[in-house]
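The values are calculated or read from the model by the stated rules, or taken from the named source; none is laboratory data. Worth saying up front: this structure is predicted, and the values here are computed from it rather than measured. Note that we place each Cβ from the backbone using ideal geometry, even for glycine, and neighbour counts take in every protein chain shown. SASA here: full protein model, heavy atoms, side chains in, ligands and nucleic acids out. Shrake-Rupley method; radii C 1.70, N 1.55, O 1.52, S 1.80 Å.
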Amino acid sequence: MPLRDIDDLERLKKINAALVSRVERSMDQQGNAFSLFQTAISLENRVRNRTEELHATLRRLEQSNIDLSAAKESAELANLSKTRFLAAASHDVLQPLNAAHLSVSALAEVQASDEGRKLVRQVERSLETMEDLLRTLLDISKLDAGVVQPEIGDVSLEALFSSLRSDFLPEAAKKGLSLKFRPVNVAVRSDRTLLRRILQNILSNALRYTRSGGVLVGTRHRGDTIRIDVADTGCGIPEDQREAVFEEFHRGTSTLADAGLAGGLGLGLAIVRRMAAALGHPVTFSSKVGRGTIFHIDVPVGMAAAEPAMAAADMERPRGYGLFGTKVLLVENDTDVLSAMTSLLERWQCLVRAATSTDDALDLLGDTAWVPDIIIADQHLDGGDLGTSTIAEVRDYLGRTVPALIVTADGSEPVAKAARAAGIELMRKPLKPAQLRALLAHLLA
């Protein structure tokens, strides 16, 4: 209906109100749409900003990871370099130390006075302390660098205990202490050398820090684990030093002073913790000041039956020291060590021929009337020769397997494996003359 045909005023007002209302609703809808549009743009900007911030954070995190990886690699290389340096340095230091040991031992045999023998013994103790410190620092360096790879196998605890008993009984007797090992017929899964070193360090500490009473070593079966206990009646460890005792060069001086005892180097338990960690053997202890300490080492049960241990008396009894007239082919390129070793062997009435390389050694065998009874060789010789190779060539030349011994300052596992594979005995420098003499007698028996 056309607007001009409407003559009802009220009706016209209603139509006007409806039109105004429709316009207002339309404007509100447009306003809401515009508002939503603005909101969408704002959210999009915020999402874009947050995304950029996240990307920047991820880039920084990635760079941090790269930097951390580079720092870790650098630290590992530095650690390995330190280990290689210490190994090389220790080899160079052990050579003159070995010569000093041999010379002092020869000097001891010609001392007629008590004062002379006393001075010789003081020098020997100083050399032994230097050797222990050097070897322990090298062991710690190797363990920290992760280059020690345990060789896990079945280890007879009774055989291990017999060996430790033989080593520590003289020390315990000298201090008037008892040392007892409870019999045990069981094998455990471990690295024999590392496990022995752990027990050796704990026993050494136990005897050092005990004034009266003694030390008892026993075992307890706990499911699939054997717990080895080393109990002493020593001065004990205060509560505030329970963690500190595993730190390098910690010696518990106040406790020792109160007990009137002298400490060692403070490295024994630091080595214990590192070796135990490498083996996965938890080490704990309980202690009471003035009453003693019990160390616990948890080791997995072995898979094979334990082998019967050699009787202690058999282990301690050398098979004779008759070295008189023994022909020794000595191959050593360090002149000081060569001179000291020759002097020592000649004092034992051995007939020594010395060489510095494989060619020298073979030249000495040109005299068919002289055939060595035993070969003693350093591993690293002149011209890049190796002692194991020299021994092999001498044996081939002679056509027989002459008893042989590698004496070296190289403590690496490849050298030990090469010696074992060739059936050659191995001793580490610096040598203890009494042990050398006993081993020579055993090889010649």
Taking region 56-78 and keeping only residues that are open to solvent by 100 Å² or more (accessible area, probe 1.4 Å) and modelled with pLDDT of 85 or more, one is left with R59, R60, E62, L68
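Determine which member of the set G260, G266, G252, G236 is over 17 Å from the mean Cα position of the chain (by Cα), open to solvent by less than 20 Å² (accessible area, probe 1.4 Å), more than 19 Å from F181 (Cα to Cα) and at pLDDT below 80. Lay out the reasoning, then the answer.
Details: G260 fails: open to solvent by less than 20 Å² (accessible area, probe 1.4 Å); G266 fails: over 17 Å from the mean Cα position of the chain (by Cα); G236 fails: at pLDDT below 80.
None of the others qualify; the one that does is G252.
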Filtering region 110-124 down to residues that are assigned to a helix (DSSP H, G or I) and either surrounded by 13 or more Cβ atoms within 10 Å (Cβ to Cβ) or not acidic (D, E) (or both) yields G116, R117, K118, L119, V120, R121, Q122, V123, E124
Given the criteria at pLDDT 90 or above, within 17 Å of the chain's Cα centre (by Cα) and among the polar types (S, T, N, Q), does S212 qualify? no
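Determine which member of the set V371, V402, V407, V415 is in contact (Cβ under 8 Å) with a residue 12 or more places away in the chain and part of a helix (DSSP H, G or I). Write out each step before concluding.
Values: V371 fails: part of a helix (DSSP H, G or I); V402 fails: part of a helix (DSSP H, G or I); V407 fails: part of a helix (DSSP H, G or I).
Result: V415 is the single residue among V371, V402, V407, V415 that is in contact (Cβ under 8 Å) with a residue 12 or more places away in the chain and part of a helix (DSSP H, G or I).
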Can you tell me which of T51, T39 is modelled with pLDDT of 80 or more, assigned to a helix (DSSP H, G or I) and of a type in the set (S, T, N, Q)? T51
Odd one out for I391 among (1) within 22 Å of S105 (Cβ to Cβ); (2) crowded, with 17+ Cβ neighbours inside 10 Å; (3) of a type outside the set (S, T, N, Q): (1)
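Suppose we filter region 374-399 for residues that are assigned to a loop (DSSP other than H, G, I, E, B), among the charged types (D, E, K, R) and out of contact with any strand residue (DSSP E or B) (no Cβ under 8 Å at 6 or more places or on another chain); how many remain? It would help to see each step written out before you state the result.
Looking only at region 374-399, we keep the residues that are assigned to a loop (DSSP other than H, G, I, E, B), and these are 378-379, 381, 385, 399.
Then drop every residue that is not among the charged types (D, E, K, R), which leaves 378, 385.
Subsequent filtering for residues that are out of contact with any strand residue (DSSP E or B) (no Cβ under 8 Å at 6 or more places or on another chain) retains 385.
Within region 374-399, residues that are assigned to a loop (DSSP other than H, G, I, E, B), among the charged types (D, E, K, R) and out of contact with any strand residue (DSSP E or B) (no Cβ under 8 Å at 6 or more places or on another chain) number 1.
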Apart from one, (1) open to solvent by less than 60 Å² (accessible area, probe 1.4 Å); (2) at pLDDT below 50 all hold for L279; the odd one out is (2)
Which residues, counting only those in region 399-421, are over 25 Å from P96 (Cα atoms), surrounded by fewer than 16 Cβ atoms within 10 Å (Cβ to Cβ) and of a type outside the set (V, I, T)? G399, R400, K417, R420, A421
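Matching residues to (1) open to solvent by 50 Å² or more (accessible area, probe 1.4 Å); (2) in a helix (DSSP H, G or I); (3) at pLDDT below 80; (4) farther than 20 Å from A434 by Cβ:
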| residue | (1), (2), (3), (4) |
| --- | --- |
| A99 | no, yes, no, no |
| V104 | no, yes, no, no |
| E128 | yes, yes, yes, no |
| R135 | yes, yes, yes, no |
| I140 | no, yes, yes, yes |
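Go through the residues of region 161-183 one by one and say whether even a single one is among the aromatic types (F, W, Y) and in contact with a helix residue (DSSP H, G or I) (Cβ under 6 Å, 6 or more places away or on another chain).
yes
Would you please name the residue that is modelled with the highest pLDDT, looking only at residues in region 428-438 that are of a type outside the set (D, E, K, R) and crowded, with 18+ Cβ neighbours inside 10 Å?
Filtering region 428-438 for residues that are of a type outside the set (D, E, K, R) and crowded, with 18+ Cβ neighbours inside 10 Å, the one modelled with the highest pLDDT comes out as L436.
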Considering every residue within region 211-219, establish whether at least one is open to solvent by 40 Å² or more (accessible area, probe 1.4 Å) and in a helix (DSSP H, G or I). no
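I'm trying to understand the selection: among the residues of region 161-195, which are part of a helix (DSSP H, G or I), among the aliphatic types (A, V, I, L, M) and under 20 Å from the mean Cα position of the chain (by Cα)? First the steps, then the outcome.
First pass over region 161-195, keeping only residues part of a helix (DSSP H, G or I): 161-174, 192-195.
Applying the additional criterion that residues be among the aliphatic types (A, V, I, L, M) yields 164, 169, 172-173, 194-195.
Answer for region 161-195, where residues must be part of a helix (DSSP H, G or I), among the aliphatic types (A, V, I, L, M) and under 20 Å from the mean Cα position of the chain (by Cα): L164, L194, L195.
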